[in-house]
Amino acid sequence: MTTAELERYNPLPRAIRVPLHPAAPRLRATPGNTARDVLARVLDVDPRRVVVTSSGTAALRLALRGLGEDGGSGGEVVVPTFACGQVVQAVLDEGLRPVLADVGDDLCLTVSSVARATTRRTRAVVAVRAFGVAPDVLGHCREAGLAVVDDAAQSLPTVRTGAASTVLSFGPQKPVPAGVGGALVLGEGATVASHVPVGDWRSTRVRDAAVRGVRRVWARGPAAVRLAPALLDRVPDAIERADYSRACTLLPRAADPVVARALAATSSVATEERALVHARFADALSGSTTTRLHARSAQHLRHGYCVLLTDDRPRVAAELAAAGVETSWLYYPLHRTSRYGRWASAGPWPAYADDVWRRTLLVPCRPGLTARQLDRVATALRRLP
């Protein structure tokens, strides 16, 4: 194996036998059930608290827009640095100032990192659920008088945290594998009609439609574009060049049945089935000295990811690629990019995200994989040194 191949931390298999994101199952539509109806039923909430949007980013912008005058121009919003760049961009697009904060062992914001990033201008905290894990910052935020936006873009819509609002996102790489869409769910006692201004959303333009089309192709993962991202220097380049402008609109009517079917399919996957996959992978890695499952891996699998931690990621990824298993990563620390680094919080910066992003590796585990494919993954994990 050449040095160049070892430096690539997501080498693609020559023949992908087990994709990270298998095709969503084809289901028949249920008459009379809109995406909003299905989501309200899955979450057991009043449909009036739910609005289905064109994307998760649009839902997040809508949640931030609903903060009211106190959250207007000049207000600050704490955001984890281990997150998608669109989270920070949504804050900027709504005239707010993002403040990047570090994450902890759960790959989520911690009470101490939020406390360090909070000032008298702070209005809200976007608590991103990395790999489905809910951040434990709600109590601190309530005491500090801060609103919490629960960003569950990488989570199944089944666990509520009591946040002021919850943002969901649907897509090929998300636990809800619809091709488009997102949703905003308001907290108890609130309704979209009375708390969130919807009428001033701008209409979709031709340019926005083109950007979304390109992003949909890219979102299918490295296998779709036959590209394996490099380990260090070239990863930030994609973030610097990315165009995160996204139309802030409601879900198009034609896409509603697709999202409704994806929600119904996702919510019907038994927790027991995911637990069996977790147990199989944990057993396969029991003899490895280089690789282990993340401590919260049981919860990760329930939300659609298998997260490995390894100090030799390029070699582990190459070994799995040789077995036909596609792997990838999720986030690059945003404070390391020139685009968003300026928003890093002041004071001590432990930068746990700097260390952990180099050691995480995502392995296929999603519903839709066959028993034979899961066997292939388990066999490949068992062969790791």
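What follows draws every value from the coordinates through simple rules; no lab data is involved. Remember, predicted model here, so these are calculated numbers, not experimental data. Here the Cβ is made from the backbone with ideal geometry for all residues, glycine too, and neighbour counts use every protein chain on show.
Order these by the 10 Å Cβ neighbour count, fewest first: D106, D150, D46.
Arranged by neighbour count, lowest to highest, D106, D150, D46 become D46, D106, D150.
Distance between Cα centroids, the range 343-359 to the range 119-187: provide it in whole Å.
The distance from the Cα centre of the range 343-359 to that of the range 119-187 comes to 21 Å.
Sort 140-148, 369-377 by the packing proxy (mean of other Cβ within 10 Å over each peptide's residues), most packed first. Please list the in-between numbers first.
Values: 140-148: 16.7, 369-377: 15.1.
So the order, starting with the most tightly packed, is 140-148, 369-377.
When F281, F131, F170 are ordered from fewest to most other Cβ atoms inside 10 Å of their Cβ, what list results? Show your work: numbers first, answer last.
On the way: F281 22, F131 26, F170 29.
Starting with the residue having the fewest Cβ neighbours, the order is F281, F131, F170.
Can you grab the distance from the C-alpha centre of the range 88-118 to the C-alpha centre of the range 300-318, Å, no decimals?
Distance between centres, Cα-based: 24 Å.
Along the range 180-189, what does the Karplus equation 6.51 cos²θ - 1.76 cosθ + 1.60 (θ = phi - 60°) give for ³J(HN,Hα), rounded to whole Hz, x for Gly and Pro?
7, x, x, 7, 10, 10, 7, x, 4, x
To make sure I understand, if each residue's beta carbon is the centre and we count other beta carbons within 10 Å, what order do T289, T266, T118 fall in, fewest to most? The partial results should precede the final answer.
Numbers: T289 8, T266 24, T118 19.
By the 10 Å Cβ count, ascending: T289, T118, T266.
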